[in-house]
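The values are calculated or read from the model by the stated rules, or taken from the named source; none is laboratory data. None of the values given here were measured: they were computed from a predicted structure. All Cβ positions, even for glycine, are placed from backbone atoms using ideal geometry, and neighbour counts span all protein chains on display. Note: areas computed on protein heavy atoms with side chains; ligands, DNA, RNA excluded. Shrake-Rupley method; radii C 1.70, N 1.55, O 1.52, S 1.80 Å.
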Amino acid sequence: MAKTIVVIGAQWGDEGKGKIVDLLAERFDIVVRYQGGHNAGHSVQVGDRSFVLHLLPSGIVHPGKTCVLGNGMVIDPKAFFQEAERLMEQGVEVSPSRVKISSRAHLILPYHRALDHTSEERLGNEKVGTTLRGIGPAYEDKVGRRGIRTADALVPDVLRSRIERNLEDANRIIMAYGGQKLSADEIFSEMSQLTERLSPFIADTTHYLNVAATQGKSILLEGAQATLLDVDHGTYPFVTSSSTIAGGAIIGTGLAPNRLTGVLGIVRTYTTRVGEGPFPTEMLEGEAEMGQLIRERGREYGASTGRPRRCGWFDAFATRYAAEINGFSSVALTKLDVLDALDEIKVCVGYKVDEQELDSLPSVSQEMRRAEPIYARLPGWKSSTLGTTEMNALPPEARRYVEFLSAQIGVEIGLVSTGPERSQTIVVQDSALGRWMAE
Ligand code: IMP
């Protein structure tokens, strides 16, 4: 059977998936996104060229790869064309022959963006800190059975009547919170033009992918956001509105579950989070300076929104949980070089919580809110690992740190990233990931 691999962030996102998916993409025939929308931001560095991707899978920068935007995604056609145009200016081909958008994917419309703003304002202090791209409201419409799918939008009468019906309710909410009433005519006119441009890209991607798998094509499924932002299994309600975990790749593409041959977890050597919500290992107060050091060294600012990311120590408890629900076959450990400047590195190996209380808590989110981390302290290496390509060439303390994290997570490390460029990578040949890369 050809390889069909899902790649998932193990923490709250921004683990550096872009680089790893990009490294893998040249070894696969098809690269797929299966959930989320342009809330994602992947930076891909190829030589001295840098690409920022939001909606399109990272495979797009490799000529000859087919890219699929699966049914589990929510797509803002305006954002799609903006991204496509930017990439084409950089010499990347974005054409219907290599980009296929599911006919079952849902559209993000202007009222979804307005509702995202309203919803955050209404929540006040309890706001989620969303990307304000309309993601949550588009998924609400999907589950509320009033969403507009890409294929529906190609029938003008259907598009118009759904916009009119949905906008009636949306405007009530938007205006009640002091927003500007939106016009159905204007939205229809804009969306019908955009979706007509989109029509050559629209396809039955579910059938396409299952047939491709039967024909022995290799498929890379690229997760966006990350495990702890999953709507069911993340730190609810501070999550995104889609199924980010490995199971979501099945639902979000329609590929049969027995097609999957492996799951790769992307784990960063420390943790960050954008937006609100529990974050037990966050570097606060006494550690604010350390947080700032990591933010600067790791360039931890949102690729989509430019927001500074909250920074914290590695959380093995949370990552073990991610390994459990995703079933990681291998882990790619990213951004080792960011820790080069530290004297000592803390790793959260568990939480101090009352055992009895733990049993009655319904989710990892609740645990985290009350959690007080238990830290192990490891010596830093205080020398540069930037660009190292061999495990043996790492300082002993850095190797020990990598081995410690692997033991804590309970999964092999198949790759260590030592810088933003493709070449700045250690690949462990004798690992599942090493084998996927060699095939
Ligand atoms: P939404 O996806 O815009 O609804 O935002 C929900 C939560 O997910 C917020 O905390 C966002 O900051 C977070 N989020 C969404 N997309 C990303 C991403 O690509 N990386 C990291 N966090 C994200």
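Quick one: is T195 open to solvent by less than 20 Å² (accessible area, probe 1.4 Å), in a helix (DSSP H, G or I) and closer than 29 Å to R98 by Cβ? Working first, answer last.
Numbers: open to solvent by less than 20 Å² (accessible area, probe 1.4 Å): yes; in a helix (DSSP H, G or I): yes; closer than 29 Å to R98 by Cβ: yes.
Yes, satisfied.
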Taking segment 32-54 as the region of interest, how many residues are more than 16 Å from the ligand (Cβ to nearest atom) and over 14 Å from the mean Cα position of the chain (by Cα)?
-> 6
What number of residues within segment 264-280 are within 16 Å of the ligand (Cβ to nearest atom), part of a loop (DSSP other than H, G, I, E, B) and open to solvent by less than 10 Å² (accessible area, probe 1.4 Å)?
-> 1
Selection count, segment 34-59, where residues are at pLDDT 95 or above and part of a helix (DSSP H, G or I) = 0
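Restricting attention to segment 156-168, does a residue exist that is of a type in the set (S, T, N, Q), farther than 22 Å from Q35 by Cα and in a helix (DSSP H, G or I)?
yes
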Selection count, segment 281-317, where residues are farther than 25 Å from G419 by Cβ and within 16 Å of the ligand (Cβ to nearest atom) = 1
Given (1) surrounded by fewer than 16 Cβ atoms within 10 Å (Cβ to Cβ); (2) of a type in the set (K, R); (3) part of a helix (DSSP H, G or I), where does R377 come up short, assuming only one miss?
-> (3)
Could you say whether any residue in segment 104-118 is modelled with pLDDT of 95 or more, in a loop (DSSP other than H, G, I, E, B) and open to solvent by 30 Å² or more (accessible area, probe 1.4 Å)?
-> yes
Could you list, in sequence order, the residues of segment 8-33 that are in a loop (DSSP other than H, G, I, E, B) and over 24 Å from A212 (Cα atoms)?
-> A10, Q11, W12, G13, D14, E15, G16
